[in-house]
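Please treat every number below as a calculation from the coordinates, not as lab data. Source: prediction; values computed, not measured. Glycine also receives a Cβ, built like all others from the backbone with ideal geometry; neighbour counts cover every protein chain displayed.
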Amino acid sequence: MKQAVAILGSTGSIGSSTLQVLDSLADRFAVIALSAHSNHELLTSQINVYRPRFAAATDDTAYNALAESLPDGDTRLLRGSSGLEEICSSDEVDIVVFATSGVSSLSALFCAIEHKKKICIANKELLVMAGALVTAHAKQYNVPLIPVDSEHSAIFQCLNGGGRDHPIKKIYLTGSGGALRMRKKELLEGVSPKEALSHPKWKMGKKITVDSATLMNKGLELIEARWLFDVSPGVPDVVIHPEAVIHSMVEFVDGSVLAQLASCDMRLPIQYALTYPERVPSLVDTLDFSAIRSLTFEEPDTERFPCLRLAKEALYAGGTASCVLNSANEVAVHLFLTEKIGFMDIPAVIEKVLEKHILKDGCSLEEILRLDTWARSQAYEAAARLRRRAVM
Ligand code: NDP
Ligand code: MG
C-alpha cells in the first residue's frame, strides 16, 4: 500500500525537490496534498500533474485565483493556515513534509503531531521559534520529528549508527561558509543581494541563501539541533568546511567521531526522511573521492559574520531569545533583498531588537506568535532608524 504524502510548501525549493523524490519512488508514495503561499500558477500546474486530494493556498489572493481557475475535480481547495491544519488532521494523510518557510505553519505542525503523522521537517524556523513547545508536544504524543535539513539529517544518520541512548559529547555542524567566506571585513558593507545569493555549493530559496552568507543559517541550525536532538546548548558547534562533503559529525563519549558524507543534493536528506528507517537507491550522484582529494576545516569568523554570534547568544539565553532572533532576521533579510538596508545592517537590526526584548521562559503558542509580531515591527523600526542615520 502506498503512503500518502502531503507537502506543505510544494512550490518552494524543498517542495519541488520532494516532488522529484516522490516521482522516483512512485511505487512507495503518492502525493495527497500540496500547498503554496502566493505562487498559484506553479501550484495549479502541480495540481494538474499530481491531482492531489487537497490543495491549499495560504495567501487570500492566490486562493481566490485558484478557486476561479481550477476545474471541478477531485482536488479540494483549502484556504489559509486552517487549510494546512485540515490537511494535517486528515485520516487520508500518512506523511507531512514541512517545506514551508517562516512561522505560518506552526499550528499545522501541532495538528500533525496530534494526529500522529510521520513528520519530515525542513522548516527550521518552526524549531527556532518554538523548539521547546514543539518538542514537548512531540514527546507527549510520542511522534518523532525526522529532520530534512542536510546537517540534521547527517546528525540523525550518525546517531542511528552511534549505539543505544546516543551518548553524545559534541555535535559538529558543518557549513560551507556561504557566498562571502573569503570577503574582507571592510568590503562586506557593500555586498549586493546578487552577490549574497550566489551560494558556492547549494541551490536553495533566497532567504536561506542570504542566511548562509551571513552565517545566520548556521546559527539557526545550532538552535534547531539543540531542540531536535534534545542536547544542551554547549553540545552543538559550527565548523566551516568549504568542500561541503561532510554534512555534519557527531562525537561520542568514547572519542569516536561519526560523519555523514554525500553530494550536495537535498534530495538525499529528503528521501532519507521519507523512507526512514529504510535506505533505498536515490537520484543523487555518488561522491568522487579522486576529484575531492582533500577536506579542510576552519573556525567560523564571528567578527565578520556577527549573526552567528547573535544566534549563539540567543541559544544560550534560551526562552524567547531565539524567537526574537528569528523574527528580526526574517525582516532584516527581506529588507536587504529589497535593497532597503545593507548587508551589515542585517546583524545590526537583529541586535537592536534583541537588546529591546525582555527575555521570558515557558511561553504559550499565542505568546510566541505575539512576540513574533512585536519583533517584526521592532525590526522595521530599527531598520528605519539605521536608514535615517545613514542619510544624516
Ligand atoms: P522557498 O522560499 O523556496 O519555499 C517556501 C515554500 O513555502 C513555498 O512553497 C512558499 O509558497 C511557501 N510559503 C512561503 N510563505 C508562506 C507562508 N506565509 N505560509 C505558508 N507557506 C508559505 O524556501 P525553501 O524551500 O528554500 O525552504 C523551505 C524551508 O526549508 C525553510 O525553512 C528553510 O530554512 C528550510 N531548508 C531549506 C533548504 C533548501 O535547500 N532550500 C535546506 C534546509 C532547510 P510560494 O511559492 O507561494 O511563495
Ligand atoms: Mg542546512
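The GluC sites (Glu not before Pro) of segment 123-192 that meet both conditions, a loop assignment by DSSP and at most 12 other Cβ atoms within 10 Å of the site Cβ, are Glu189.
Taking all Cα pairs closer than 8 Å and separated by 6 or more residues, the relative contact order of segment 85-240 comes to 22 percent. Measuring how big segment 30-93 is from its alpha-carbon positions, Rg and Dmax come out at 10.5, 29 Å. For the chain, the square roots of the Cα gyration tensor eigenvalues, ordered a ≥ b ≥ c, give a/c below 1.5, which places it in the rounded category. When the chain is treated as a GNM with alpha-carbon contacts under 10 Å, the residue of Val353, Val49, Val239 showing the greatest mean-square fluctuation is Val49.
Judged by a Cβ-Cβ distance under 4.7 Å, the unpaired cysteines of the chain are Cys120, Cys158, Cys264, Cys307, Cys323, Cys363. In summary, the helical segments of the chain meeting the span-like criteria, namely a full DSSP H run, a Cα extent along the axis of 27 angstrom or more and a mean Kyte-Doolittle hydropathy of at least -1.0, are 365-391. Taking each residue as 0.36 nm, the span from Lys185 to Glu114 lengthens on full extension beyond its C-alpha to C-alpha distance by 20.8 nm. Note on segment 125-248: dipole from Cβ charges, positive end direction compared against Met216, Gly178, Ala154; the farthest Cα belongs to Gly178. As a quick test, which of the pairs Lys312/Lys352; Lys218/Lys312; Lys124/Lys218; Lys139/Lys207; Lys124/Lys206; Lys206/Lys340 have an alpha carbon distance above 20 angstrom in this structure? Distance filter (> 20 Å) returns Lys139/Lys207. Stretching the chain fully between Ala30 and Asn64 yields a gain of 9.6 nm (0.36 nm per residue, less the alpha carbon separation). Taking a straight line from the alpha carbon of Lys170, these aspartates and glutamates sit under 12 Å away, with near neighbours fewer than eight places off in the same chain left out: Asp237, Glu251, Asp254. Sites listed here are GluC sites (Glu not before Pro) in segment 295-392 whose DSSP assignment is loop and whose Cβ has at most 12 other Cβ atoms within 10 Å: Glu303, Glu339. Extension gain, Asp165 to Asp288, is 40.9 nm, computed as 0.36 nm per intervening residue step minus the present C-alpha separation. Mean residue ellipticity, 222 nm, helices only, the chain: the sum of -39500 (n - 2.57) across DSSP H runs of n ≥ 4, divided by residue count and rounded to 500, is -15000 deg cm²/dmol. Along the chain, counting only trypsin sites (Lys or Arg not before Pro) with a DSSP assignment other than H, G, I, E or B and at most 11 other Cβ atoms inside a 10 Å radius, the longest segment between sites is 1-115.
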